[in-house]
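S.K.: Quick one: the structure is below, questions incoming.
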Amino acid sequence: MDKVFFTYKIPDEGMLLLKGYDIYGNTEDRFLKKEEIIREGKDASALITLLSDKIDSEVISSLPKLKVIANYAVGYNNIDIEEARKRGVRVTNTPEALTDATADLTMALILATSRRIVEGDSFIRERKFVGWKPDLLTGPSLSGKNLGIIGLGRIGKAVAKRAKAFGMNVFYFNRKPLLSQEEERFNVRHMSLEELLKSSDFLSLHAPLTKETYHLLNEKRLSLMKPGAILVNTARGEIIDESALIKALKTGRLAAAGLDVYEEEPYVPQELIEMNNVVLLPHIGSATSEARKEMAIIVGRNVAAVLEGKEPPNPVV
Ligand code: NAP
């Protein structure tokens, strides 16, 4: 019987789909070390992983029976895709299930940063509220402002739809622009990256982390952004050079930032912790109970398909 090894327990809805297999794994509330994954997974045909598990060439080449790595995430930058391809190991992800959840959280960050929600909450708790004032915690409106999206894919489009409802103008940068009918449907316009940076009042990142997008927003590009712009990142931390971001926030070049992801997760620099114009979330983009259950079902379907010798529904490799 094929063995399925999970590095961290995922919702039962996914596990139930794998009842016919010998399922085992980490049921403790901690992340496994690389050596543990190698040791425990040595007889596994399937590996269910989190985005925090680094599945590099050493791990993949140490698991001789491995047929599939099912990542419990849409992003798969934690897996050495080339090594998996070379060894004929399938890799799958969980697209769509988390699109709305992540787009909702992106809007929450856009609103929280512009309308200073967290500052306002602290203000009350610190008993500073003495009454309504014309200039109390003011921020920019969304209506009529330009939202720039880097990576107009599934989540980027869902954000565009929501931003339109708030009266924003939406522009985007992808390596390949959408077809003009699709641009019309979403009421968006493609721009070069430079043009996008220069014209966005709000900038939101939704591209995957790849060699190309690593530090895509470096010091030079951040310096092209409109003074006073707000930056939101619910994609991957490494897409921004975090120390350049801190500098841009300190100098006031950027008015605020909303971050769900960090360059060296789970580490968050003290400078960010101390800034009150930054809203910090612990990588909870997909954290609705519905999305997390659906993601587990997708993982279950992908693993079952590969172990049954079929094409998985969500192949990356
Ligand atoms: P997707 O549908 O594949 O969309 C990605 C978009 O990025 C595509 O439009 C792609 O268009 C664009 N892109 C790729 N490389 C690019 C580059 N070098 N420069 C500019 N654009 C580029 O993916 P998705 O489902 O929307 O997910 C996007 C990312 O969000 C995931 O990879 C993941 O890292 C992140 N995410 C985070 C959370 C969270 O919890 N915070 C939750 C879900 C997802 P082109 O190929 O034409 O460039």
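The values are calculated or read from the model by the stated rules, or taken from the named source; none is laboratory data. Model, not experiment: these values are computed from the prediction. Cβ placement follows ideal geometry from the backbone for every residue including glycine, while neighbour counts extend to all protein chains displayed. Quick note on the areas: whole protein, heavy atoms, side chains included, nothing else; ligands and nucleic acids left out. Shrake-Rupley method; radii C 1.70, N 1.55, O 1.52, S 1.80 Å.
S.K.: For the stretch 56-133, with all protein chains present and a 1.4 Å probe, just round the carbon and sulfur fraction of the accessible area to a whole percent.
M.R.: Working: 2030 of 4010 Å².
Summing carbon and sulfur atoms, their accessible area is 51 percent of the total for the stretch 56-133.
S.K.: In 10 Å bins starting at zero, report the fraction of Cα pairs in the chain per bin as a rounded %.
M.R.: Spelled out bin by bin, the chain gives 6, 25, 30, 22, 13, 3, 0 percent.
S.K.: Using a Förster distance of 51 angstrom, determine the FRET efficiency expected from the C-beta separation of E96 and I124, and round it to 0.05.
M.R.: Efficiency for this residue pair is about 0.85.
S.K.: Once you sort the root eigenvalues of the Cα gyration tensor of the stretch 123-276 as a ≥ b ≥ c, which label holds: rounded (a/c under 1.5), prolate (a/b larger than b/c) or oblate (the other case)?
M.R.: It comes out oblate by the Cα gyration axes.
S.K.: Take the alpha carbon gyration tensor of the stretch 204-278, find the square roots of its eigenvalues, order them as a ≥ b ≥ c, and report rounded if a/c is under 1.5; if not, report prolate when a/b exceeds b/c, else oblate.
M.R.: Oblate shape, in that a/c is at least 1.5 and b/c is the bigger or equal ratio.
S.K.: Still on this model: For a paramagnetic label modelled at 7 Å from the Cα of I38 toward its Cβ, which residues of the stretch 55-70 fall within the zone defined by backbone nitrogen distances under 11 Å?
M.R.: 56-63
S.K.: In addition: For the stretch 99-280, what is the relative contact order in percent, using Cα pairs closer than 8 Å and at least 6 residues apart in sequence? Spell out each step's value before the answer.
M.R.: Working: 324 pairs, mean separation 38.8, N = 182.
Contact order relative to length: 21 percent.
S.K.: Moving on. Remind me, relative contact order of the chain in percent, using alpha carbon pairs under 8 angstrom and six or more residues apart?
M.R.: Relative contact order here is 21 percent.
S.K.: Something else: Which order, highest average first, do 16-23, 145-152, 107-114 follow once you tally other Cβ atoms within 10 Å for each residue and take the mean per peptide?
M.R.: Numbers: 16-23: 14.9, 145-152: 23.4, 107-114: 21.6.
Packing order, densest peptide first, comes out as 145-152, 107-114, 16-23.
S.K.: To continue, here is another question. Please report, largest first and rounded to whole Å, the three semi-axes of the ellipsoid equivalent to the stretch 46-159, where each semi-axis is the square root of five times an eigenvalue of the C-alpha gyration tensor.
M.R.: Three semi-axes, in Å: 44, 17, 10.
S.K.: Suppose every Lys and Arg Cβ carries +1 and every Asp and Glu Cβ carries -1, with no other charges. What dipole size does the chain come out with about its Cα centre, to the nearest 20 debye?
M.R.: For this selection, approximately 680 debye.
S.K.: Still on this structure, I have one more. Would you kindly derive the ³J(HN,Hα) couplings of the stretch 273-279 from the backbone phi angles with the Karplus curve 6.51 cos²θ - 1.76 cosθ + 1.60 (θ = phi - 60°), listing them in order in whole Hz, with x for Gly and Pro?
M.R.: Using θ = phi - 60°, the values come out as 4, 7, 8, 8, 9, 10, 9 Hz.
S.K.: Per residue, how much accessible area does the stretch 99-280 have with a 1.4 Å probe, in Å²?
M.R.: Details: 9320 Å² over 182 residues.
Ligands and nucleic acids excluded, the figure is 51 Å² per residue.
S.K.: Which longest uninterrupted range of the chain lacks any GluC sites (Glu not before Pro) assigned by DSSP to a loop state (not H, G, I, E or B) and surrounded by at most 12 other Cβ atoms within 10 Å?
M.R.: No qualifying site falls inside 29-125, the longest such stretch.
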